[in-house]
Protein chains: 2
Amino acid sequence: MTAQTSRRDRLRRATLAEIREAARRLLTTQGSAAVTINAVAREVGISGPALYHYFASHEELVAAVTADFFQELTTAMRTARDAHAPDSPAARLLATCRAMRNWAVTHRAEFGWIFASPVPGPPPADQRSDSPRSLAGRDFELVFLDQVEALWATNPFPVPEPEDLAASVRAQLTPYAAELGRELPIAALHVALSCWIRLYGLLCMEVLNQLSFAYSDLEPLFEECLRDICHTLALDYQPPN
Amino acid sequence: MTAQTSRRDRLRRATLAEIREAARRLLTTQGSAAVTINAVAREVGISGPALYHYFASHEELVAAVTADFFQELTTAMRTARDAHAPDSPAARLLATCRAMRNWAVTHRAEFGWIFASPVPGPPPADQRSDSPRSLAGRDFELVFLDQVEALWATNPFPVPEPEDLAASVRAQLTPYAAELGRELPIAALHVALSCWIRLYGLLCMEVLNQLSFAYSDLEPLFEECLRDICHTLALDYQPPN
DNA sequence: TATGTTTGTTTAGAGGCATTAAGCAAACCT
DNA sequence: AGGTTTGCTTAATGCCTCTAAACAAACATA
């Protein structure tokens, strides 16, 4: 099925990679506004419109680069997780989260790009959920959720009683839970997502410089957040290193 | 001191207001990318470069509009707060926070603009902290912090022991506390900021559509967050309405 | 009141960006 | 060997930011 890599195929693949690298280089060195079709083409050594043979539009190039970032971040998290045995779920979850923040602060431009790049919500009908960008984003979320699911299987954590879970939350989460197809009750999924939102939201605010008016190093806040999350998930918090 | 409003002054002021209104209209109807100098000028009825007599650059126009949004949001929060007597601090704080979310979801474009608009951190030396945009942003944060301070004065909430507060947090917060000049111990300030970060972060993620993959209506999540915050601040949570 | 300055505006223009169109040459396939 | 696909180029359109030059009306003042 995988087309035999003809000479042309290999060249094309190499150029595609080079283009994405150039785009990323421009982003990290000169900011997101510098990632223009023309500038990237110049960087690669081809002339403007030639780039349209590789990406149909500026938006598509942006999406491809975003997918790259998601994948790299996801890989970093998975790698950190796998450095700990499956029978110590707390260590695995903490390592995953810390790897996430570590990637975010060592790749601020890329992490901010993931956020600030236009995710205009669901205007284009059902959001083309098969685009590489969406797939990579999905995969990213799953790193966390899958671990909570594994945790639930062996060390179930307390969840709100059905009567304490707002009916609308249950209604909203039902389709998503079905789409996930995981063995996680709605209430547990809600707890997991709440934790995820706190983590992700904190990093978002850190990288978008919304907290620099008061804090310069958010690592202690992040660790406090992890402590809270461990408490919520009935895990033993362990400080880093 | 206030210059007597000559005829020219009045006209200028009117044009300035009209320009900012036009910019906002373009933002809400066509998205942030549509807020260009040319488009705004067209909307107002003057021709491109004329707008440079009112704003020195596109960036400055963006900053002015951002300041407008901050002010409007701040006013909405203060108004909601003042609808409750000063002797029911819980009601005042809850009303403030709910007004914040209400403004955010009824003015998604504006709230997202506040976030996504380039706050490139502290590259320009000390961040020109006297720009209208920065002042308005400062004022916005104070709506929340001032209430926590008032709360602290009458109903002090539990704060972490000094030995539980990371030394670096204390070090980081000391200059900010001094700059605030409020009667709030560092530990209490830290608790207040943690609450603020959760609130603001949740709204940020909601408006930036980072949660739409699972939730469509985040109001219940916001109320859960408020419940947590009330618990942290030793307040009685009261459901809305 | 006459004169000079400030202010609001316009058109022209430079330089950049996204994108499309037309054309050319090398690589590929048959 | 000939036709097709692919990669690339230059032109060209229309948008953008921003500067420059020019002009007229409003203002200030001697």
For the stretch B:91-241 (alpha-carbon point model, no solvent) the Debye-based log₁₀ I(q)/I(0) at q = 0.10, 0.19 Å⁻¹ works out to -0.40, -1.35
If every Lys and Arg gets +1 and every Asp and Glu gets -1 at its Cβ, then about the Cα centre the protein assembly as shown yields a dipole, in debye to the nearest 20, of 1940 debye
Longest principal axis of chain B (C-alpha) makes with the long axis of helix B:132-154 (C-alpha) an angle, in degrees to the nearest 10, of 20 degrees
Largest fluctuation, B:Ala39, B:Ala63, B:Ala99 only, Gaussian network model of chain B with Cα springs under 10 angstrom, belongs to B:Ala39
Taking a ≥ b ≥ c as the square roots of the eigenvalues of the Cα gyration tensor, with a/c under 1.5 meaning rounded and otherwise prolate when a/b exceeds b/c and oblate if not, the stretch B:23-115 is prolate
If the chain between A:Ala109 and A:Leu16 were fully extended at 0.36 nm per residue, the gain over the current Cα-Cα distance would be 31.4 nm
Classified through the alpha carbon gyration tensor (a ≥ b ≥ c as square roots of its eigenvalues; rounded if a/c is under 1.5, else prolate when a/b is larger than b/c, else oblate), the protein assembly as shown comes out oblate
Summing -39500 (n - 2.57) over every DSSP H run of at least 4 in chain A, dividing by its residue total and rounding to the nearest 500, the 222 nm mean residue ellipticity is -22000 deg cm²/dmol
With Cα springs under 10 Å, the Gaussian network model of chain A assigns the largest mean-square fluctuation among A:Ala104, A:Ala192, A:Ala166 to A:Ala166
Rounded to the nearest 10, the angle in degrees between the Cα long axis of helix A:89-106 and the longest principal axis of the Cα atoms of chain A comes to 40 degrees
Taking Cα pairs closer than 8 Å and at least 6 residues apart, the relative contact order of the stretch B:135-208 in percent is 37 percent
With +1 at each Lys and Arg Cβ and -1 at each Asp and Glu Cβ, the charge dipole magnitude of chain A around its Cα centre, to the nearest 20 debye, comes out at 1080 debye
Out of A:Arg12, A:Arg133, A:Arg81, a Gaussian network model of chain A with alpha-carbon springs under 10 Å gives the largest mean-square fluctuation to A:Arg12
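Calculate the dipole size of the stretch A:1-89 relative to its Cα centre from +1 charges on Lys and Arg beta carbons and -1 charges on Asp and Glu beta carbons; express the result in debye to the nearest 20. Show your work: numbers first, answer last.
Working: 11 positive and 10 negative charges, 74 e Å.
Roughly 360 debye for the stretch A:1-89.
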Taking Cα atoms only, Rg over Rh for the stretch A:143-182 with Rh from the Kirkwood formula is 1.00
The whole-number value in µm²/s of the Stokes-Einstein translational diffusion coefficient for the stretch A:201-241, with Rh from the Kirkwood sum over alpha carbon pairs at 4 °C and 1.567 mPa s, is 116 µm²/s
Pseudo-spin-label distance A:Thr5 to A:Thr174, built 7 Å along Cα→Cβ, given in nm, is 4.9 nm
Per the rotation taking chain B to chain A, min distance Cβ-to-axis on chain B (residue, whole Å) equals B:Gly201, 2
Note, the stretch A:204-216: 3J(HN,Hα) by Karplus (6.51, -1.76, 1.60, θ = phi - 60°), whole Hz, Gly/Pro = x, goes 4, 5, 5, 6, 7, 6, 8, 10, 5, 5, 10, 10, 10
For the stretch A:1-97, averaging the sequence separation of alpha carbon pairs under 8 Å that lie six or more residues apart and dividing by its residue count, the contact order in percent is 17 percent
Along the stretch B:51-56, Karplus-curve 3J(HN,Hα) (6.51, -1.76, 1.60; θ = phi - 60°) to the nearest Hz, with x for Gly and Pro, reads 5, 6, 7, 10, 9, 5
Computed over chain A: longest principal axis from alpha-carbon atoms vs helix A:167-180 long axis, angle to nearest 10 degrees, is 50 degrees
Taking the label point 7 Å from Cα along the Cα-Cβ vector, the copy-to-copy distances for B:Ser129, listed from shortest in nm with one decimal, are 4.7
For the stretch A:152-237, shape from the Cα gyration tensor axes a ≥ b ≥ c, cut at a/c of 1.5 then a/b versus b/c, turns out prolate
Among the stretch A:176-191, those whose backbone N falls under 14 Å of a label point 7 Å along Cα→Cβ from A:Ala153 are A:181-185
In whole Hz, the Karplus estimates of ³J(HN,Hα) for the stretch B:224-241 (6.51, -1.76, 1.60; θ = phi - 60°; x where Gly or Pro) are 4, 4, 4, 4, 4, 5, 4, 4, 4, 8, 6, 10, 7, 6, 10, x, x, 6
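All of the numbers you see were taken from the coordinates with simple rules; none came from a lab. All figures in this text were calculated on a predicted structure; none of them were measured in a lab. When we count neighbours, we look across all protein chains shown, and the Cβ atoms used for this are built from the backbone with ideal geometry, even at glycine.
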